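Report on the structure given below.
The values are calculated or read from the model by the stated rules, or taken from the named source; none is laboratory data. Nothing here was measured: the structure is a model prediction, and the numbers come from that model. Here the Cβ positions follow ideal geometry from the backbone for every residue, glycine too, while neighbour counts run over all protein chains shown.
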């Protein structure tokens, strides 16, 4: 049942979340096990570059630089729209609306892309195991309905689900890494060759960074829950720093362990021939089939945890934009009993079902097309939004009295903005490689073009509100 509270007075559930619960959401969104088994393996396979572990080592400081300004600004801004009010208060209301539209497209693309991977992974596992012949889209639809149902429950209950799944998959990752590093291919000590600069900085390095940024996506979502945390001035910052640190360590060590267990010279070929099955095959050899089977089940639950985490974040974006009149007011409706953004949750579920249906009806591949196409587009959108937020931090603090040191309000955000824009250029430049299509494929420009259209639509919507509904426009992203 939705609330009938006046639009601008509507809020989410009372504060229930702390650092640990927020960490579950943001790291759960990254899906460490599916990022490693799927994303890291795909990076090796598509780019043909061995230095994947080094890319995580280099990207982590860039994301940490972003987190410095992001965390500083989070002490002054609390809102379910996360990046949306940040940009509004840094670069202006119209720019903020434009960024919010890009963020909505990007995060919905991430969410919906994982439905394709989940359906593909589950059908490939269950069909031979049980002698079934079920299509991928059936499991994608079932998963979307379950996630949608959880999305209207109490947010702290979702955090408990994510927490349990995250702890289990992290335990599997640690055990796997220890086993793989303890028995490298050819015997002897583990090789550090994948961490050498020469193994990364070669033709195609841009594609490596693009993939690596994609698997980090989710760390930045802490501010989405700032209305529901007990101490937003501290919780958002601490959760973001911990998320960057935890995911960077997991990805670096796991990518190195996979390369060493296979052999640095053989990792690319093995990734190309085995795909996500590479990690589970290595686990079966060293830890037995039972452990490998458990790991694969957690690979599935890792995808589910990511879906649930992104679903919660997207629903709150819809809620924030509906509450302020940027999108239809109905999106500001919350569940009277749980305080969850019910309308936003239902809309996100509906969008996912529609896209899955389109790909199923047109007989598109759920892994190489639905997952890859939308995931790649999403990574470009997220990097653009992060860069915009970094610039917003600088502008925000220049126009406001504060006691933040210059490192937090100018130096770190500036370095982050420049670094992120470089990464964005690399993503666009290597878009055909990332999509696995020919260089002249229309998709190379169509998918980034969708993000551009979203930004233009946001600019138009902001301009229309400014001229036709000035009272609504004046309240966009308002901070006390």
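Here are a few things to note about the model shown:
- Boolean, residue 50 is modelled with pLDDT of 90 or more, out of contact with any strand residue (DSSP E or B) (no Cβ under 7 Å at 6 or more places or on another chain) and under 23 Å from residue 282 (Cα atoms): yes
- Failed condition for residue 376, given (1) within 26 Å of the chain's Cα centre (by Cα); (2) more than 26 Å from residue 358 (Cα to Cα): (2)
- Test result for residue 396, in contact with a helix residue (DSSP H, G or I) (Cβ under 7 Å, 6 or more places away or on another chain) and more than 30 Å from residue 73 (Cα to Cα): no
- Test: residue in the range 426-445 that is out of contact with any helix residue (DSSP H, G or I) (no Cβ under 9 Å at 6 or more places or on another chain), surrounded by fewer than 24 Cβ atoms within 10 Å (Cβ to Cβ), without any contact (Cβ under 8 Å) to a residue 24 or more places away in the chain and over 24 Å from residue 40 (Cβ atoms): yes
- Residue among 189, 159 that is surrounded by fewer than 17 Cβ atoms within 10 Å (Cβ to Cβ) and either modelled with pLDDT under 90 or not in a helix (DSSP H, G or I) (or both): 189
- Residues that are in a helix (DSSP H, G or I), over 15 Å from residue 360 (Cβ atoms) and free of Cβ contacts under 8 Å to residues at least 24 places away in the same chain, drawn from the range 120-139: 124, 126, 127, 128, 129, 130
- When 285, 303 are checked against the criterion of being in a helix (DSSP H, G or I) and surrounded by 23 or more Cβ atoms within 10 Å (Cβ to Cβ), a single residue qualifies: 303.
- Test: residue in the range 259-269 that is under 24 Å from the mean Cα position of the chain (by Cα) and either crowded, with 18+ Cβ neighbours inside 10 Å or modelled with pLDDT under 85 (or both): no
- Checking each residue in the range 396-418 for being surrounded by fewer than 21 Cβ atoms within 10 Å (Cβ to Cβ) and either under 26 Å from the mean Cα position of the chain (by Cα) or free of Cβ contacts under 8 Å to residues at least 24 places away in the same chain (or both) picks out 398, 399, 401, 403, 405, 406, 408, 410, 411, 414, 415, 418.
- Residue count, the range 50-101 (criterion: in a loop (DSSP other than H, G, I, E, B) and closer than 14 Å to residue 416 by Cα): 0
- The set of residues in the range 320-364 being touching a strand residue (DSSP E or B) at 6+ places or on another chain (Cβ under 7 Å) and in a helix (DSSP H, G or I) consists of 342, 343.
- Residue in the range 120-144 that is modelled with the lowest pLDDT, counting only those that are surrounded by fewer than 13 Cβ atoms within 10 Å (Cβ to Cβ) and touching a helix residue (DSSP H, G or I) at 6+ places or on another chain (Cβ under 7 Å): 132
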